[in-house]
Amino acid sequence: FPSHDTGCLLGTASFATSASVATSASFALTASYALSDYIVFNRQTANYTLALTDVNKIVEINSASANTVTVPSSSVVDFLTGSQITVVQYGAGQTSISGSTTGVTIRSTNNWLKINERYGAVTLTKIGGNEWYLHGNLNA
């Protein structure tokens, strides 16, 4: 994919005031896209522990058997508060999300920590210390 694209939208807008005086304006809108605007994928084939390089990326787990994505303690990997990581169950094996054994708390609806089905996606968001939100396509 290109490292930089530019698109341009041109047009004319017309306005009428209450005194019936017509006003016309021209405008140009330019949008630029940098390489950083694209999503980067990290495909894994077995259990996986998240790393700083996964922030703002999609971690895909392509495994035929059940597997676990582990969120490490902040003493091991110091993610910034507000960091987000999306996890997709790419393979048929169900993907579970787990905090490391050193006190990571993952908060989700109904305390569900498994991706519901193949191609389902969830997002982890660090909310502080060793605490994360997990939301998306979850199951018990």
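Every read-out reported here was derived from the displayed coordinates using simple, explicitly stated rules and does not represent laboratory data. What you are looking at is a predicted structure, and each value in this text was computed from that prediction instead of being measured.
Computed 3J(HN,Hα) for the range 112-121, one whole-Hz value per residue from the Karplus formula 6.51 cos²θ - 1.76 cosθ + 1.60 where θ = phi - 60°, is 6, 10, 10, 6, 4, 6, 3, 6, x, 10, glycine and proline marked x.
With a/c under 1.5 counting as rounded, go ahead and sort the range 30-140 into rounded, prolate or oblate using the C-alpha gyration tensor (a ≥ b ≥ c being the square roots of the eigenvalues; past the cut-off, prolate if a/b is larger than b/c, else oblate). The shape class here is oblate.
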